[in-house]
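All remarks here apply to the structure that follows.
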Amino acid sequence: MSDTIKALNALLDGRYSCRGFLEDEVPQDTIEAIVRTAQKVPSWCNSQPWQLSVCAPAKTKELAKTLTEAAKRGLHSPDIAFPERYQGIYKERRSICGWQLYDAVGVVKGDKEGSFKQMMENYRFFGAPQVAIVSTSKELGAYGALDCGAFVTAFTLAAHGHGVATIPQAAIAGMCSLVRKELGISEDRDILCAISFGYEDTDHPANQFRTARAEVEDVIAWN
């Protein structure tokens, strides 16, 4: 195995979705370095459709308060429709991940109040000091969103390389109208997700588990 592949595997093995952060702010030059690396991913016709609205700690707290209040009222209307349902293996994987989180933070089956409280952590960005909102041009459709997915992955890996923890979050896309208003994002862009980031709280219970991955034979069809 080459040193390059070893380095890539080390980044992938080390990165995880952080759900507990310290209050320390990530310096702007570090954020710029992360984005500079993430932008090296391929995109359709080199369109590079991703745009980031990066919130400083004060703005992150302000946005979190707005989204939390809206979520309590059940306001959800994403630019791009969420999955209709999870079935079969997708439902199973989702369920396993969810219960790993609940077990870590002490939420037991039937604890509706506890599960609701943990779900609401999405809208306060799990306490991350900063957040980047990712959007794409509406006219680029599904392929613009696909390219942004590659960017999000690269961002999380580059961040890990700089010692910065991340969690990509689709939940905020359900509040796109509020996010658009708060951050001045134009109507011709689809809001896809957030990347909450900061320095991990290694003692936080939500950071004590890791998700598994499917076996290679489960994802390859040889023809």
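Values in this text are rule-based calculations from the coordinates and carry no lab data. Quick caveat: nothing in here was measured; it's all calculated off a predicted structure. Using ideal geometry, Cβ is built from the backbone for each residue, glycine included, and neighbour counts are taken over all protein chains shown.
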Of the conditions (1) in a helix (DSSP H, G or I); (2) buried (at least 16 other Cβ atoms within 10 Å of the Cβ); (3) touching a residue at least 40 places away in the same chain (Cβ under 8 Å), the single one that C193 does not satisfy is (1)
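Each row is one residue, and each column tells you yes or no for (1) surrounded by 12 or more Cβ atoms within 10 Å (Cβ to Cβ); (2) within 19 Å of R210 (Cα to Cα); (3) among the acidic types (D, E).
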| position | (1), (2), (3) |
| --- | --- |
| T30 | yes, no, no |
| N46 | no, no, no |
| A58 | no, no, no |
| A64 | yes, no, no |
| E69 | yes, no, yes |
| D79 | yes, no, yes |
Criterion: part of a helix (DSSP H, G or I), more than 30 Å from L11 (Cα to Cα) and hydroxyl-bearing (S, T, Y) - qualifying residue of T66, T60, T156
T66
For segment 82-136, which residues satisfy the criterion of being surrounded by 14 or more Cβ atoms within 10 Å (Cβ to Cβ), over 19 Å from the mean Cα position of the chain (by Cα), over 28 Å from E182 (Cβ atoms) and without any contact (Cβ under 8 Å) to a residue 40 or more places away in the chain?
V107, G114
